[in-house]
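These notes are about the structure you will find just below.
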Amino acid sequence: MSIIKLLNKKLDRTIFTTPTHNQKAQFSQNYDNFYKNDFSEIEGYDNLANPKSAILMAQGKVADIIGAKHTFFITQGATTAILAAMKALINPADKVLAARNCHKSVFNGLILTAGYVEWFMPDTDKDWGIYTKIDPKKLESTLEINDYKVFIMTSPTYEGINSDIKKISEICKKHNTYLIVDEAHGALYNFSNDLAKSAISQGADISVNSLHKTAGALNQTAILNINNDIRNIDTHIFQKAVNVFQTTSPSYPLLANIEACINYLTSKNGTDEIKNLLLEIDKFKKELKRFGIEFLEDENHDPTKLFLKKEGISGFDLSDSMYDEFNIEDELNNSVGCLYLCGIGTTKQKLEKLKNALKKVRTNPSFEPISIDFQPFPLVKMQPVDTFNRDFIYVNKNDSLLKISNIMLLPYPPGIGILYPGEAIQKWHLDYLNKDVEVIV
């Protein structure tokens with residue numbers, strides 16, 4: 001089947017995945033179609049690589065809304081924003097501390113910048129089988145022992161857990177370490193007092209937001225935010241870094257989509273939609289808790305991330321049943337539960353369908369919860385930059401113990417590495433792999 005035929009097929013399922021706009025325009029961009037406005041850098045139009053008029057003004061307006069020194073529009077996703085932030089701050093052999101639950105783009109950024117990484121393990125929740133917060137006390141102990149140019153972390157996590165960015169930021173400043181926060185899944189934080197405070201407002205040097213994940217914009221739209229208080233660095237270096245990675249033919253329709261999205265989120269209609277969404281989610285949870293459904297929740301949790309489990313069924317089986325019986329697709333799942341993403345575009349009717357299906361899913365009274373075993377601390381034998389062009393051989397899985405991996409091993413989504421190139425293959429990794437998988441070392 002061709003891509004054209006694939007997209008012309010009617011989607012006969014309800015999806016709680018990215019993007020959350022529900023395949024409908026949630027706001028007007030004031031033009032008829034993409035082709036009509038698909039220009040190159042023609043005379044009289046601005047240039048994203050060196051903006052001086054409309055794009056510069058639009059980026060400045062967003063920076064003012066967010067409280068940033070500068071905001072860059074990104075048309076190639078949060079990945080490009082992360083790579084640019086890393087390139088602006090990290091020189092070859094600079095020591096970088098990175099939370100292990102970072103997106104794989106951070107590892108790729110280490111290859112491109114030649115930074116030397118050490119990994120920081122976030123807290124875990126065995127009841128849910130997920131990584132959670134960054135412990136500020138453990139972070140401070142780590143920064144007291146070693147000097148790091150940059151600390152890179154994710155908040156909120158894929159499942160919606162937020163760390164104490166204010167405290168973490170204070171610790172990083174105390175130790176002269178730049179703080180980059182991958183806030184891709186927290187794009188609505190800048191526009192609602194009912195959600196967690198944004199990373200920039202809590203002192204992060206840099207934050208990255210992915211507008212398509214919860215904010216209703218199109219795939220590939222993102223913003224890169226630089227804090228007013230960033231130390232000892234000229235923001236022009238970020239423009240240079242963005243230009244290294246971003247295409248020289250950026251999409252004007254996508255740029256307009258970023259602007260239209262943020263205009264909507266700051267309008268009365270947009271703020272009302274966020275408030276109504278949170279109210280509907282609250283009602284949704286209250287009713288389902290009476291039917292054996294448990295939700296991941298704490299005071300720092302993002303309610304738009306419906307990570308849930310049902311008594312008497314594994315997360316894997318729940319995902320299969322919801323898809324096979326009710327045509328409802330989750331964003332991701334593990335042995336404990338399933339993640340259903342909500343955002344601008346998630347309607348009351350959509351939540352109602354999910355609620356009714358969750359009530360009906362059949363369970364097994366004799367079901368035994370699966371034990372959760374988190375990945376071991378990585379044994380880094382080679383730095384990322386040294387792994388990229390290395391020769392390798394194929395070996396049988398049974399012969400690969402403690403050999404150095406040449407590939408990434410990661411579930412997708414969420415794109416968080418379990419094993420990266422340059423790391424020793426431990427017994428845990430072999431148990432994780434399917435029996436018939438070969439390993440490249």
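Each value in this text was obtained by applying a stated rule to the coordinates, not by laboratory testing. Quick caveat: nothing in here was measured; it's all calculated off a predicted structure. We place every Cβ from the backbone using ideal geometry, glycine too, and count neighbours over all the protein chains shown.
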Specify whether the C-alpha gyration tensor of region 190-273 places it in the rounded, prolate or oblate class, a ≥ b ≥ c being the square roots of the eigenvalues: rounded for a/c under 1.5, otherwise prolate if a/b is larger than b/c and oblate if not.
-> oblate
If unit charges are put on Cβ atoms (+1 for Lys and Arg, -1 for Asp and Glu) and the dipole of the chain is taken about its Cα centre, the option from GLY422, ASN193, GLY337 lying farthest towards the positive end turns out to be ASN193
Percent antiparallel among DSSP beta bridges confined to the chain, rounded to 5, stands at 60 percent
Obtain the nm distance between the two label points defined at ASN396 and LYS427 by a simple spin-label model: each point lies 7 Å from its Cα along the Cα-to-C-beta direction.
-> 2.0 nm
Where labels lie 7 Å past Cα in the beta-carbon direction, separation of LYS275 and ARG290 in nm = 2.7 nm
By the C-alpha gyration tensor axes a ≥ b ≥ c (rounded if a/c is under 1.5, else prolate when a/b exceeds b/c, else oblate), the shape of region 236-395 is oblate
Sort 187-195, 89-97 for me by packing, meaning the mean count of neighbouring Cβ atoms within 10 Å per residue, highest on top.
-> 187-195, 89-97
On full extension of the chain, what length is gained from LYS61 through LEU7, given 0.36 nm per residue of separation minus the C-alpha to C-alpha distance?
-> 15.9 nm
Report the relative contact order of the chain, percent, no decimals, based on alpha-carbon pairs under 8 angstrom and at least 6 residues apart.
-> 19 percent
Ranked by Cβ crowding within 10 angstrom, fewest neighbours first, how are TRP128, TRP119, TRP428 ordered?
-> TRP428, TRP119, TRP128
Burial ordering of PHE377, PHE34, fewest other beta-carbon atoms within 10 Å first = PHE377, PHE34
Once the Cβ-Cβ distance between ASP127 and LYS173 is put in as r, and R0 is 30 Å, what FRET efficiency do you end up with, to the nearest 0.05?
-> 0.30
Classify region 375-441 as rounded, prolate or oblate from the Cα gyration tensor: take a ≥ b ≥ c as the square roots of its eigenvalues, call it rounded if a/c is under 1.5, otherwise prolate when a/b beats b/c and oblate if not.
-> rounded
Check: in region 375-441 the Lys pairs 8 or more apart or on separate chains whose Cα atoms fall under 14 Å apart number 5
Check the straight Cα-Cα distances from LYS353 and name the aspartates and glutamates below 15 Å, setting aside those fewer than 8 residues away within the same chain.
-> ASP12, GLU280, GLU287, ASP324, GLU325, GLU329, ASP330
Dipole in debye (nearest 20) - the chain, about Cα centre, beta carbon charges: Lys, Arg +1; Asp, Glu -1 | 480 debye
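Fewest to most neighbouring Cβ within 10 Å: what's the order for THR271, THR154?
On the way: THR271 16, THR154 28.
So the ranking, lowest neighbour count to highest, is THR271, THR154.
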Sort 230-236, 382-388, 419-425, 82-88 for me by packing, meaning the mean count of neighbouring Cβ atoms within 10 Å per residue, highest on top.
-> 82-88, 419-425, 382-388, 230-236
Only Cα pairs under 8 Å and at least 6 apart count here; give the relative contact order of region 1-115 as a rounded whole percent.
-> 15 percent
Förster radius 30 Å - calculated FRET efficiency between MET408 and SER335, Cβ distance, rounded to 0.05 | 0.85
Within region 64-97, which residues have the backbone N less than 18 Å from the label spot 7 Å out from ASN389 along Cα→beta-carbon, could you tell me?
-> 92-93
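To the nearest 20 Debye, how big is the dipole of region 52-265 about its Cα centre, given +1 on the beta carbon of each Lys and Arg and -1 on that of each Asp and Glu?
Roughly 360 debye, rounded to the nearest 20.
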Here, ASP320 and ASN243, labelled 7 Å along Cα→Cβ, have an inter-label distance in nm of 5.4 nm
For region 234-377, size of Cβ-based charge dipole, Lys and Arg +1, Asp and Glu -1, in debye = 540 debye
Region 311-419, relative contact order [Cα under 8 Å, separation at least 6], % | 23 percent
q = 0.07, 0.08, 0.12, 0.14 Å⁻¹: log10 I(q)/I(0) that the Debye formula gives for the chain, counting C-alpha atoms only = -0.36, -0.48, -1.10, -1.44
If the limit is 32 Å between Cα atoms, which of LYS69/LYS133; LYS126/LYS240; LYS61/LYS286; LYS138/LYS289; LYS87/LYS166 go over it?
-> LYS126/LYS240; LYS61/LYS286; LYS138/LYS289
